[in-house]
Amino acid sequence: MSANVGPSGQQPTATYDSAFLRACRREAVPHTPVWFMRQAGRSLPEYRKVREGIPMLESCMRPELVTEITLQPVRRHNVDAAIYYSDIVVPLKAIGIDLDIKPGVGPVVEQPIRTRADLARLRDLTPEDVPYVTEAIGLLTRELGATPLIGFAGAPFTLASYLVEGGPSRTYENAKAMMYGDPELWADLLDRLADVTATFLKVQIEAGASAVQLFDSWAGALAPADYRRSVMPASAKVFDAVAGYGVPRIHFGVGTGELLKLMGEAGADVVGVDWRVPLDEAVRRVGPGKALQGNFDPTVLFTDKNTVETKAREVLDAAAGLEGHVFNLGHGVMPHTDPDALTRLVEYVHTQTAR
């Protein structure tokens, strides 16, 4: 069942004709839609207030809190889509992996996965493992009305990197050592994570998410040949698993300029582009038949209003020939960003692109 079209030939849902979903489908839009990765989070004082004293992972498991946090940037910035407030390690926690998100560090795994015997700890995810996701999305879609909700998950490679390294890494030495030195174990690990990720996305879509984004945050550490051989099959499995729902599938990674074509080939309808590659060059690399998302450098938001508008205009000009464009940052909103700068940026893009 599609979250947009509905079962048994029902009329399309309220979100179907939104600017965001139309852009994802490469259709005409009333204006270029805007949303921001990490739009819900530490840049907002209202977020810091409701999260006070609540650990990150616990906050992801409280449906009413998730609903409030997800809605905050929609209310404040007038963005064209909400993104479900969660974390990429939530499904891993849900299947019993001993991990925590440590402030200032990120996800830390108590016992890294390094051997074939360790794979047994990665059981299948079921909807019953994440009832709070279904409940929160039900609450959200009622509140959001015609504003689409984007579901999301971490891609198998990025999840594997955390699991094998035991936490964040700059070099991915253990993960890459497994990928090169024990390719069969690596393939089995990613295949198992693909199943977990696909289920996590299915739960979100079936609860009412209008689109999904797969974050392969660390894929930029890979050469194209390694990505194609050792990573792309698992990502393609995730995208294939949710293809039947008819919701747009977005694929994003950081530093992935050399991988853009492959990331599209993995099954994305929309390819996210960071700030390193201009959108007119990105479309050449990705090829026809895909919308693009991006790619304003988030650090520009620390400058003055005129500079922000000048740089935003450059992004819009580079996107002028695209079949479909969703305006976003080239990575997430940084914690010390002035929220008013984001609100002004949304208004600028909407005004400049009004058809």
Qualifying helices (runs of 4 or more DSSP H) (wholly inside segment 33-89; at least 1 residues being among the hydroxyl-bearing types (S, T, Y) and open to solvent by less than 10 Å² (accessible area, probe 1.4 Å)): 56-59, 63-77
Just to be sure, is T158 at pLDDT 95 or above, of a type in the set (S, T, Y) and open to solvent by less than 10 Å² (accessible area, probe 1.4 Å)? yes
Considering G145, G166, which residue is open to solvent by less than 20 Å² (accessible area, probe 1.4 Å) and either under 26 Å from R229 (Cβ atoms) or not aromatic (F, W, Y) (or both)? G166
Scan of segment 86-106 for residues that are of a type outside the set (A, V, I, L, M) and in contact with a Phe, Trp or Tyr (Cβ under 9 Å, 6 or more places away or on another chain), ordered by number: S86, P91, G106
Find all pairs meeting these conditions: Cβ atoms under 6 angstrom apart; at least six residues apart or on different chains; first residue within segment 238-266 and touching a residue at least 40 places away in the same chain (Cβ under 8 Å) and hydroxyl-bearing (S, T, Y); second residue open to solvent by less than 10 Å² (accessible area, probe 1.4 Å) and in a helix (DSSP H, G or I). Y245/I205; T256/A219
Does T134 satisfy the condition of being among the hydroxyl-bearing types (S, T, Y), surrounded by 14 or more Cβ atoms within 10 Å (Cβ to Cβ) and closer than 19 Å to V196 by Cβ? yes
Output yes when any residue across segment 223-242 is among the polar types (S, T, N, Q) and either more than 25 Å from R170 (Cα to Cα) or open to solvent by 10 Å² or more (accessible area, probe 1.4 Å) (or both), and no when none is. yes
Would you call I150 open to solvent by less than 20 Å² (accessible area, probe 1.4 Å) and farther than 26 Å from S235 by Cβ? no
Return the residues of segment 336-355 that are open to solvent by 50 Å² or more (accessible area, probe 1.4 Å) and either part of a loop (DSSP other than H, G, I, E, B) or not hydroxyl-bearing (S, T, Y) (or both); say none if nothing qualifies. H336, D338, D340, R344, E347, Q352, A354, R355
Checking A117 against (1) free of Cβ contacts under 8 Å to residues at least 12 places away in the same chain; (2) aliphatic (A, V, I, L, M); (3) surrounded by 15 or more Cβ atoms within 10 Å (Cβ to Cβ), which test does it fail? (3)
Being in contact (Cβ under 8 Å) with a residue 60 or more places away in the chain, small (G, A, S), within 27 Å of T67 (Cβ to Cβ) and open to solvent by 10 Å² or more (accessible area, probe 1.4 Å) is the requirement here; does S217 meet it? yes
When you go through (1) modelled with pLDDT of 95 or more; (2) over 23 Å from F152 (Cα atoms) one by one for G321, which number turns out not to apply? (1)
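The values are calculated or read from the model by the stated rules, or taken from the named source; none is laboratory data. The structure presented is a predicted model; accordingly, all values stated were derived computationally and were not measured. All Cβ positions, glycine included, derive from the backbone under ideal geometry; neighbour counts span all protein chains shown. Remember, those area values only see protein heavy atoms, side chains included, never the ligands or the DNA or RNA. Shrake-Rupley method; radii C 1.70, N 1.55, O 1.52, S 1.80 Å.
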